[in-house]
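**Q** Handing you a structure now.
The values are calculated or read from the model by the stated rules, or taken from the named source; none is laboratory data. Note that this is a predicted model, so its numbers are computed, not measured. All Cβ positions, glycine included, derive from the backbone under ideal geometry; neighbour counts span all protein chains shown.
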Amino acid sequence: MQIDWTNFTPWSAAAGGVAIGLAAGLMILLLGRIAGVSGIVAGLLPPARGDVSWRVAFVLGLFASAALLRLAGAARTPVLDIGYGATILAGLLVGYGARLGGGCTSGHGVCGLSRLSPRALVATAAFMASGVLTVFVLRHMLG
């Protein structure tokens with residue numbers, strides 16, 4: 001296997017990690033909430049009275065940040081090996097699985113691990129192993 005170093009971007013990856021860490025830290029400090037995207041979105045379906053504004057602001061911020069990066073010329077267009085339909089289906093399945101498993105990569109992987117939660121460690125290990133196995137099967141066994 002040969003590594004494609006053209007996509008290796010340590011500075012932007014580090015900046016993204018710092019931004020995610022700051023956002024998660026500020027959210028817990030200012031709102032007392034975990035920055036778990038699946039839980040935030042699920043809380044909008046159906047919305048609970050008095051608990052909507054911060055959730056909508058968070059989700060809009062996810063889209064706004066991508067739009068700002070594109071306007072600044074820093075965003076790259078993703079290359080999809082599969083179509084948009086399969087990508088949307090995969091996203092919905094991941095969201096459903098995250099809710100079924102009681103958390104997502106941001107809730108467990110970022111916030112849970114930073115709080116040294118054993119449950120988050122097990123969950124993060126499980127979804128990372130599932131991701132590695134899925135990529136291996138799809139790329140190397142099924143072609």
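**Q** Of the residues Val137, Val110, which is loosely packed, with under 14 Cβ neighbours inside 10 Å and among the β-branched types (Val, Ile, Thr)? Even if it seems obvious, please write down each step before you answer.
**A** Working: Val110 fails: loosely packed, with under 14 Cβ neighbours inside 10 Å.
Going through Val137, Val110 in turn, just one is loosely packed, with under 14 Cβ neighbours inside 10 Å and among the β-branched types (Val, Ile, Thr): Val137.
**Q** Is it the case, given these coordinates, that Val135 is part of a helix (DSSP H, G or I) and either under 19 Å from Gly21 (Cα atoms) or without any contact (Cβ under 8 Å) to a residue 12 or more places away in the chain (or both)?
**A** yes
**Q** Looking at Gly21, Gly36, which is the one that is out of contact with any Leu (no Cβ under 9 Å at 6 or more places or on another chain), surrounded by 10 or more Cβ atoms within 10 Å (Cβ to Cβ), more than 26 Å from Thr134 (Cβ to Cβ) and touching a residue at least 60 places away in the same chain (Cβ under 8 Å)?
**A** Gly21
**Q** Restricting to region 85-107, name every residue that is free of Cβ contacts under 8 Å to residues at least 12 places away in the same chain and surrounded by 14 or more Cβ atoms within 10 Å (Cβ to Cβ).
**A** Listed by number, the list holds a single entry, Val94.
**Q** State whether one or more residues within region 58-71 are surrounded by 12 or more Cβ atoms within 10 Å (Cβ to Cβ), modelled with pLDDT of 90 or more and touching a Leu at 6+ places or on another chain (Cβ under 8 Å).
**A** Within region 58-71 (the criterion being surrounded by 12 or more Cβ atoms within 10 Å (Cβ to Cβ), modelled with pLDDT of 90 or more and touching a Leu at 6+ places or on another chain (Cβ under 8 Å)), the answer is yes, since at least one residue qualifies.
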